[in-house]
Amino acid sequence: MTSKADFSEDEWKLLREAPTSAGMLVIESDRGGSIRESFSMAKAYTDARREHGASQLLDDIVSEKPEVDRTRAGSKEELRSNLLQHVRDSVTLLGEKATPEELDEYRRFLMTVANRVADARREGFMGMSGERVSDAEREAIAKVGEAAGVADGS
């Protein structure tokens with residue numbers, strides 16, 4: 001069983017940044033963000049804490065305050081690239097240090113955060129197309145899935 005003790009300080013920071021990076025990518029994809037979307041990320045952490053015990057690694061990650069990369073990006077493209085790289089790097093790191101089951105749990109958590117953020121924007125509101133999630137958000141979720149190594153992006 002993998003836990004926080006198995007990672008350096010920088011590695012642990014990366015593992016804590018990637019879920020918020022996944023959510024931020026979705027927030028940024030469709031005209032910036034909202035308080036509702038930020039709360040949806042926090043709710044994903046709260047729900048994961050309620051499911052305590054499924055994975056020690058995930059329990060350790062969600063028991064701490066979510067980490068946000070404070071690095072300034074020069075452009076939206078650079079920001080998107082940096083956010084996706086956090087996801088890729090975290091999954092690569094876990095592929096080296098965690099069990100396959102723990103890696104799958106982490107990937108699911110990344111996708112849960114991304115999907116929750118997309119769902120939050122449209123909560124109680126249907127867009128012009130009658131759908132809750134915009135095309136830009138769907139594309140961002142797919143990119144998170146690709147970066148995380150999730151076959152169908154969900």
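Whenever a residue of the range 114-139 is closer than 20 Å to Tyr45 by Cα, its partners that are modelled with pLDDT of 80 or more and basic (Lys, Arg), lying with C-beta atoms within less than 9 angstrom and at least six residues away or across chains, give the pairs Arg116/Lys43; Ala118/Arg138; Ala120/Lys43. Considering Glu28, Glu37, Glu51, the condition of being at pLDDT below 85 and either farther than 13 Å from Phe109 by Cβ or in contact with a Cys (Cβ under 8 Å, 6 or more places away or on another chain) (or both) is satisfied by Glu37 alone. Summed over the range 1-21, the residues that are over 18 Å from Asp59 (Cα atoms) and in contact with a Ser or Thr (Cβ under 9 Å, 6 or more places away or on another chain) give a count of 1. One residue alone among Leu93, Leu83, Leu57 is farther than 20 Å from Glu137 by Cβ, touching a residue at least 60 places away in the same chain (Cβ under 8 Å) and open to solvent by less than 20 Å² (accessible area, probe 1.4 Å), and that residue is Leu93. For the range 64-76, the set of residues classified as more than 15 Å from the chain's Cα centre (by Cα) and open to solvent by 80 Å² or more (accessible area, probe 1.4 Å) consists of Arg70, Thr71, Arg72, Lys76, listed by residue number. For the range 3-51, a tally of residues being touching a residue at least 24 places away in the same chain (Cβ under 8 Å), more than 22 Å from Gln85 (Cβ to Cβ) and either in a loop (DSSP other than H, G, I, E, B) or of a type in the set (Gly, Ala, Ser) (or both) returns 5.
Mind listing whichever residues of the range 69-86 are of a type outside the set (A, V, I, L, M, F, W, C) and in a loop (DSSP other than H, G, I, E, B)? Correct list: Asp69, Arg70, Thr71, Arg72, Gly74, Ser75.
Conditions (1) hydrophobic (A, V, I, L, M, F, W, C); (2) surrounded by fewer than 23 Cβ atoms within 10 Å (Cβ to Cβ); (3) at pLDDT 90 or above, marked per residue:
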| position | (1), (2), (3) |
| --- | --- |
| Asp104 | no, yes, yes |
| Arg107 | no, yes, yes |
| Leu110 | yes, no, yes |
| Ala120 | yes, no, no |
| Met126 | yes, yes, no |
| Gly130 | no, yes, no |
| Asp135 | no, yes, no |
| Ala140 | yes, no, yes |
| Gly145 | no, yes, yes |
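The condition of being under 17 Å from the mean Cα position of the chain (by Cα) and not acidic (Asp, Glu) holds for Met111. Scanning the range 87-101 for residues that are over 12 Å from Ala22 (Cβ atoms) and either in contact with a helix residue (DSSP H, G or I) (Cβ under 7 Å, 6 or more places away or on another chain) or outside any helix (DSSP H, G or I) (or both) yields Asp89, Leu93, Leu94, Gly95, Lys97, Ala98, Thr99.
The values are calculated or read from the model by the stated rules, or taken from the named source; none is laboratory data. Computed from a prediction, not measured in an experiment: that's the story for all the values here. All Cβ positions, even for glycine, are placed from backbone atoms using ideal geometry, and neighbour counts span all protein chains on display. For accessibility, only protein heavy atoms count, side chains too; no ligands or nucleic acids. Shrake-Rupley method; radii C 1.70, N 1.55, O 1.52, S 1.80 Å.
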